[in-house]
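Enquirer: Here it is, the structure, as structure tokens.
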Amino acid sequence: MIEGKFSRRGLMAATGLVLLAGCQVVPKGAPQSSGPATQVPNANVLPVDQQRHRVAILLPTSGPNAGVGQALANAANMAVLDTNATNLRITTYDTSSGTADAATRAIADGNKLILGPLMGDEVAAVARIARPARVPIIAFSNDASVAGRDVFIMGSLPNQSIERTIGWARSKGARRFGALLPEGDYGLRANAALNTAVMEAGGTVVASEVFARSNPSIISAAKRLKAKGPLDAVLIADGSRFAVLAAPQLRPRGVGPRLLGTELWSGDNGALTSPSLRGAWYAAASDGRFLQFSESYRNRFGAQPHRMATMGYDAVLLTLRVARTWKPGTTFSTAKLLDPEGFLGLDGVFRFGANGVVERAHEVVEIRQGGVTVVSPAPARLPN
């Protein structure tokens, strides 16, 4: 298990570390050196470093997804600082102008591990460049279909969240399930996960409706679903903005089926404050350490972190775990990532399967007035 110092020292900022400093984000381009240069640096080539592992982070730090990308990069920086990790040289490569170009530069610079990219459709482009160079990838995507040889997917997967939520709802008596599903890949994956989870739990999917991720569409879909008969529970497989719009149609005057969400609701304040969603359940990675992480992040960067930022932190902790027996300049050992006992990070315990797909322990929470309450804690260990 990863035993990062965050669990014992409260995510205290490290002192005396000059690899990265203060409120600076993970550096773009050539990173700073923590010691005297061994040669006169070339502006286009990273300096020779035989004492540290070169790790690239491929994320959008400009463009429409810059907020998420920068939060992940900042969190990776925090992990280096908090652990006093002097054996890592981390460099951020902006993917907003081309993921393949960023991967090519990262490989040319001598990086032996890639953290990222963010989107599932970017992973294949990176893998085509990284595999011939024997550089593994730990991506932040939640699309299990892009995992494979030397490609590990770290993002929270909707099927695991849905399976946990459906199991909890079924244990509380729900038998007849419905669903509101967004158009696109996420909706298709959520629908498949719902049908599998309900069947395995001994329930029935009575009806589902697809919506186009617009306000009129979700409201219309909710009305159609409501008209299809009595339901015990309805899964709204999107963020809380759409759930808030659908809830009054499904539960007029607060009476109707139990509403269920997915991991997309985690950290989404819209779900936490809307009276129409009180009593709803959803499963996600534990928030137990996120509040402490958020405070440390705000103190360092002056902003609230995106909920996904913890993956950047945990990816560095994971790298440090492997780096105990990883000689600088050599190939990163992916076998170390397949420890069946898993690893402990800010989001709780997780592990990778042989297919490169992450498995996470989820808690089930209920939305109540003023916030959420854990009704079924995440397990401390993953099942064998």
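The values are calculated or read from the model by the stated rules, or taken from the named source; none is laboratory data. Keep in mind that this is a model prediction, so the values were computed, not measured. Positions of Cβ are backbone-derived with ideal geometry, glycine not excepted, and every protein chain shown enters the neighbour counts. SASA here: full protein model, heavy atoms, side chains in, ligands and nucleic acids out. Shrake-Rupley method; radii C 1.70, N 1.55, O 1.52, S 1.80 Å.
Enquirer: Would you pick out the residues in region 91-118 that are part of a strand (DSSP E or B) and either more than 22 Å from the chain's Cα centre (by Cα) or under 18 Å from Val68 (Cβ atoms) (or both)?
Expert: Those that are part of a strand (DSSP E or B) and either more than 22 Å from the chain's Cα centre (by Cα) or under 18 Å from Val68 (Cβ atoms) (or both): Thr92, Tyr93, Asp94, Ile114, Leu115.
Enquirer: Against the definition (modelled with pLDDT under 95, out of contact with any His (no Cβ under 9 Å at 6 or more places or on another chain), among the hydrophobic types (A, V, I, L, M, F, W, C) and farther than 16 Å from Ala76 by Cβ), how does Ala380 come out, yes or no?
Expert: In short, yes.
Enquirer: Right, here's the next one. Run down Asn191, Asn142 and say which single residue is in a loop (DSSP other than H, G, I, E, B), out of contact with any helix residue (DSSP H, G or I) (no Cβ under 6 Å at 6 or more places or on another chain) and either open to solvent by 10 Å² or more (accessible area, probe 1.4 Å) or touching a residue at least 60 places away in the same chain (Cβ under 8 Å) (or both). Break it down stepwise before answering.
Expert: Details: Asn191 fails: in a loop (DSSP other than H, G, I, E, B).
It is Asn142.
Enquirer: Give the residues of region 359-371 that are of a type outside the set (Lys, Arg), surrounded by fewer than 23 Cβ atoms within 10 Å (Cβ to Cβ) and more than 12 Å from Ser286 (Cα to Cα), sorted by residue number.
Expert: Within region 359-371, Glu359, Glu366, Gln369, Gly370, Gly371 meet the criteria.
Enquirer: Every residue in region 268-284 that is modelled with pLDDT of 80 or more, not aliphatic (A, V, I, L, M) and not in a helix (DSSP H, G or I), please.
Expert: Once the filter is applied, which keeps residues that are modelled with pLDDT of 80 or more, not aliphatic (A, V, I, L, M) and not in a helix (DSSP H, G or I), region 268-284 yields Ser274, Arg278, Gly279, Trp281, Tyr282.
Enquirer: Quick one: which residue in Ile129, Ile153, Ile166 is at pLDDT 95 or above, open to solvent by 10 Å² or more (accessible area, probe 1.4 Å) and β-branched (Val, Ile, Thr)?
Expert: Ile129
Enquirer: State whether the residues of region 278-295 include one that is of a type in the set (A, V, I, L, M) and without any contact (Cβ under 8 Å) to a residue 12 or more places away in the chain. Reasoning before the result, please.
Expert: Initially, region 278-295 is screened for residues of a type in the set (A, V, I, L, M), giving 280, 283-285, 291.
Keeping just the survivors that are without any contact (Cβ under 8 Å) to a residue 12 or more places away in the chain gives 291.
Checked against the condition, which is being of a type in the set (A, V, I, L, M) and without any contact (Cβ under 8 Å) to a residue 12 or more places away in the chain, region 278-295 yields at least one hit.
Enquirer: Where in region 319-384 are the strands (runs of 3 or more DSSP E), entirely inside, with at least 3 residues that are within 20 Å of the chain's Cα centre (by Cα)?
Expert: 343-345, 348-352, 358-360, 362-368
Enquirer: Starting from region 165-185, take each residue that is without any contact (Cβ under 8 Å) to a residue 40 or more places away in the chain and list its partners that are basic (Lys, Arg), counting only C-beta distances under 7 angstrom and pairs at least six apart or across chains.
Expert: Glu183/Arg213
Enquirer: Please tell me if Leu72 is modelled with pLDDT of 95 or more and not in a helix (DSSP H, G or I).
Expert: Judged against the criteria, Leu72 is not a match.
Enquirer: Looking at region 200-246, which of the residues that are of a type in the set (Lys, Arg) and not in a helix (DSSP H, G or I) is least open to solvent (accessible area, probe 1.4 Å)?
Expert: Selected residue: Lys228.
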